[in-house]
Amino acid sequence: MNYFEYRNRVLHAEDVPVSEIAARFGTPVYIYSARTLRRHFRVMREAFGGADLLICYAMKALSNLSILQLFAKMGSGFDIVSGGELMRCLKAGADPKTIVFSGVGKTDDEITAALKTGILMINVESRPELHRIAEIAARLKLRAPVSLRVNPDLDPHTHPHISTGHRTSKFGVPLSEIFDYYADARTLSSLEVIGLSTHIGSQITELEPFTEATGKIAGIVEGLRADGLALRYLDMGGGLGIPYQEESPPPSEYAAALLKRLGGLGLKLIIEPGRMMVGNAGILVTRVLYIKDTDVKRFVVIDGAMNDLLRPVLYEAYHEIRPVDARASRPSVTADIVGPVCESGDFFAQAREIPEPHPGDLLAVMSAGAYGFVMASNYNSRPRAAELLVDGRQVHLIRHRETFEDLVRGEPLVDVPADGNA
Ligand code: LLP
């Protein structure tokens, strides 16, 4: 459910025609819907009913400050994976006691910053990291709140690049060693062992992997309790898929699947949804530059490219592509929709059937809110797109389009002689 809909066959972002936005701010441009963001947060929270729940929005999915501030105001916590994300969410008004820190490669500086900030907990992924956190906490003369992230060794049935819960992946503590890790952690006096966490993958469109994970997780919690360790937090990570093309289970079914086995454990439940919160709340709008016909194919060349949205080539991801103005009746054609970047992987869709686009037309790439702008780069020296947040009739510019000057900021022009010694 989202608020990008046709009104009189013209695509609107909430109450504003997308064509008006494109004329004012140019293309390519990311447009987010505040109403959709609010709705997704509410739906997720309500799905868990009265359960003791903290939603830690996985901000890696979309980390614009204004969006983070909206989440913070709705009462969301944050799942962070870097010092940069910590800085961003604090700047946006996050309560430190709602921040969890995940990731396999936290640096000393990042651990120090997290501990000094007083975040809720660090999700630990390896034994050397566990000991490093203990050392840093001892040096800072405080106790570090930690949770161990277990790798439950299961197949989440998703793209290999975004599957994390199998034992061959780099993530989490091996299931077979988890009790040993806890025993070790309990001997380190500068640690406060308060949680268990996991994250099995992303864009998961079946309930079964979540159900399988809950069984293994509940077993660990019960085993630890028998050993005299009472945890306070159970962090089940993110991963619920969204309907790019195939249907995904709704939050109500996801919540029921988690609560069935975990609801009675008496722990505070944390979830870290990213995509589910923001995916369908954003679109990428691009303009058609040329129609190029060859003897084998039609290419629709647009002004958006893989540097703006990497998902199609990186994960063979499907994004629906819609004409912004659907008033004219156009025959359906099959075409590759490609950008200007000098790579054959620079496409948004291949062999896609769409109403025949003409040069100058606007196309909307749907469900681009999650892992869209945040994965953008300056490849081919292309400035990154502007980001806009629409709320009813209001359009807020929440990130300026980069300028050419922005592209060379931080690059001193160092003069090295052309005829120097080899
Ligand atoms: N928690 C942890 C520890 C994670 O690593 C992730 C995502 C999440 C939560 C949020 O997962 P979500 O609810 O969004 O599925 N760039 C890829 C997705 C990478 C996901 C990485 N981790 C894509 O565009 O599909």
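The values are calculated or read from the model by the stated rules, or taken from the named source; none is laboratory data. What you see is a predicted model, and the numbers here were worked out from it, not measured in a lab. Here the Cβ positions follow ideal geometry from the backbone for every residue, glycine too, while neighbour counts run over all protein chains shown. All accessible areas refer to the heavy atoms of the entire protein, side chains included, with ligands and DNA or RNA removed. Shrake-Rupley method; radii C 1.70, N 1.55, O 1.52, S 1.80 Å.
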Could you give me the residue pairs with C-beta distances under 6 Å whose first residue belongs to region 275-293 and is under 19 Å from Pro312 (Cβ atoms) and open to solvent by 10 Å² or more (accessible area, probe 1.4 Å), whose second residue is more than 16 Å from the ligand (Cβ to nearest atom) and hydroxyl-bearing (Ser, Thr, Tyr) wherever it lies, and which are 6+ apart or on separate chains? Arg287/Thr27
Within region 94-116, residues of a type outside the set (D, E, K, R), under 16 Å from Arg139 (Cβ atoms) and more than 16 Å from the ligand (Cβ to nearest atom) come out as Thr107, Ile111, Thr112, Ala113, Leu115
Could you list all residues from region 158-196 that are within 16 Å of the ligand (Cβ to nearest atom) and either exposed (fewer than 14 other Cβ atoms within 10 Å of the Cβ) or outside any loop (DSSP other than H, G, I, E, B) (or both)? Pro160, His161, Ile162, Ser163, Lys170, Val173, Gly195, Leu196
Name the one entry in Ala364, Ala351, Ala335 that is within 27 Å of Val278 (Cβ to Cβ), assigned by TED's automatic domain parsing to the domain that holds Arg401 and small (Gly, Ala, Ser). Ala364
Considering only residues that are within 13 Å of Lys260 (Cβ to Cβ), of a type in the set (A, V, I, L, M) and open to solvent by 20 Å² or more (accessible area, probe 1.4 Å), which ones fall in region 198-226? Leu207
Out of curiosity, is Ser248 of a type in the set (Ser, Thr, Tyr), surrounded by fewer than 18 Cβ atoms within 10 Å (Cβ to Cβ), in contact (Cβ under 8 Å) with a residue 24 or more places away in the chain and under 27 Å from Glu14 (Cα atoms)? no
Could you list, ordered by first residue, the pairs with Cβ atoms under 9 Å in which the first is in region 306-321 and at positive phi and assigned by TED's automatic domain parsing to the domain that holds Arg287 and the second is open to solvent by 20 Å² or more (accessible area, probe 1.4 Å) and within 8 Å of the ligand (Cβ to nearest atom), at least 6 apart or interchain? Glu316/His159
Please enumerate the residues belonging to region 350-374 that are surrounded by 19 or more Cβ atoms within 10 Å (Cβ to Cβ) and more than 16 Å from the ligand (Cβ to nearest atom). Pro357, Asp361, Leu362, Leu363, Ala364
Test of understanding: among Ile21, Ile67, Ile55, Ile31, which residue is open to solvent by less than 60 Å² (accessible area, probe 1.4 Å), under 26 Å from Leu115 (Cβ atoms) and of a type outside the set (D, E, K, R)? Ile55
For region 139-157, which positions are open to solvent by 30 Å² or more (accessible area, probe 1.4 Å) and within 24 Å of Leu224 (Cα to Cα)? Arg143, Asp153
Filter region 109-124 down to residues that are open to solvent by 10 Å² or more (accessible area, probe 1.4 Å) and outside any helix (DSSP H, G or I) and give me whichever is nearest to Glu177 (Cα to Cα). Leu120
Close pairs from region 383-398: first without any contact (Cβ under 8 Å) to a residue 60 or more places away in the chain, partner assigned to a loop (DSSP other than H, G, I, E, B) and buried (at least 16 other Cβ atoms within 10 Å of the Cβ), Cβ under 7 Å, at least 6 apart: Pro383/Arg401; Pro383/Glu402
Run Pro340 past the list (1) open to solvent by less than 20 Å² (accessible area, probe 1.4 Å); (2) on the phi < 0 side of the Ramachandran plot and report the number of the one that doesn't hold. (1)
